[in-house]
Amino acid sequence: MRFFFLQILTLSILLTGMGSSLSWAEPVMIAMVGSRSNVAETDGTERVVSYEEQRNAITLIRVGPRIGVSGKSPFGKDQIEDFQQYDVAAVLGLPLGWRESLTGMRLDMRLHSSAGQLVSLGDTAFMVTVVPCLTLSTPNEAVSMDIGAGAGLFSRYKFGAQDFGGPAQIVGTIGFGMNLISDFYTGYRFQHFSDATMYGSKSLGVDIHLFELNYRF
């Protein structure tokens, strides 16, 4: 099962690199940061950003803190130690997406990045992750879910009896969330860290159950 996330990572990279001129569906661009749907000109007037300008942009969708704890793993062996994760994550919209014209459902690529801490037995590692995700969302993003795989980097990789094998890790994730309050996103995310045997068969990863609270732009 550990190679499942390798397959998802390959798919994410391929989808991210594809052009946005596919003819089987209508491309759609997520909302620009803040009020960028109107752009101020040098003479003080405003103009509406064209669809082509929005489609070719990278946009900030949401940002906020996440808190997580380790749990039993559905992939391979369970972790030896207990872990806690504290970080801040940002979600960027990539210029590749499609919209179903009848229901308004959206399917697009997004980039999830984070920086924070992984803690166990009083030891703390600084960690960063970058994960491309394929996201399915309802109109106005009332409900959304995503799946993806990417890379993580730890400042330390040994915690008590548990050895991750090395600083570079593969990150697999599945998330679900909704907008219960205007401008705020709440969600649950399952996140799997593993070296996929890059450092040998004795290394051991960890599964984290994350709870997210993000501000939506």
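All C-alpha pair distances within the range 79-217, sorted into 5 Å bins from zero, spread as 2, 10, 18, 22, 17, 12, 9, 6, 3, 1, 0 percent across the bins. A crude spin-label estimate for the pair ALA161 and SER113, with each label 7 Å from Cα along the Cβ direction, gives 3.9 nm.
Pull out the extension gain between LYS72 and TYR188, defined as 0.36 nm times the separation in residues minus the alpha carbon to alpha carbon distance; nm, one decimal.
Additional length available on full extension: 40.2 nm.
Across the range 171-188, coupling constants 3J(HN,Hα) worked out from phi with the 6.51/-1.76/1.60 Karplus curve, θ = phi - 60°, read 10, x, 8, 9, x, 9, x, 8, 9, 6, 10, 4, 6, 10, 10, 10, x, 10 Hz, and Gly and Pro carry x. Using θ = phi - 60° in the Karplus curve 6.51 cos²θ - 1.76 cosθ + 1.60, the 3J(HN,Hα) couplings for the range 110-116 round to 9, 10, 9, 10, 8, 9, x Hz; x is entered for Gly and Pro. Mind grabbing the base-10 log of I(q)/I(0) for the range 58-135 at q = 0.15, 0.23, 0.24 Å⁻¹? Debye formula, identical points on the C-alpha positions, no solvent, two decimal places. Taken in order of the listed q values, log10 I(q)/I(0) reads -0.70, -1.06, -1.09. Taking all Cα-Cα distances within the range 143-184, those exceeding 17 Å account for 55%. Each Cα pair of the range 107-150 feeds into the Kirkwood radius, which the Stokes-Einstein equation turns, at 4 °C and 1.567 mPa s, into a diffusion coefficient of 105 µm²/s. For GLN79, nonlocal amide neighbours, meaning residues 5 or more places apart or on other chains whose placed amide H falls under 5 Å from its own, are SER73, ASP207.
Reducing the range 147-184 and the range 81-120 to their Cα centroids gives an inter-centroid distance of 11 Å. Electrostatic tally near ILE174: other residues with Cβ closer than 12 Å to its Cβ, Lys and Arg +1, Asp and Glu -1, net -1. To put it simply, the accessible area of the range 125-217 at a 1.4 Å probe is 69 percent carbon and sulfur.
The share of C-alpha pairs in the range 163-217 whose separation exceeds 19 Å stands at 45 percent. Remark on PHE159: its backbone amide H falls under 5 Å from those of PHE164, a criterion applied only to residues 5 or more positions apart or on other chains, H modelled at 1.01 Å from N.
The values are calculated or read from the model by the stated rules, or taken from the named source; none is laboratory data. All values derive from a computational prediction rather than experimental measurement. Cβ sites come from the backbone with ideal geometry, for glycine too, and all protein chains shown count toward neighbours. Quick note on the areas: whole protein, heavy atoms, side chains included, nothing else; ligands and nucleic acids left out. Shrake-Rupley method; radii C 1.70, N 1.55, O 1.52, S 1.80 Å.
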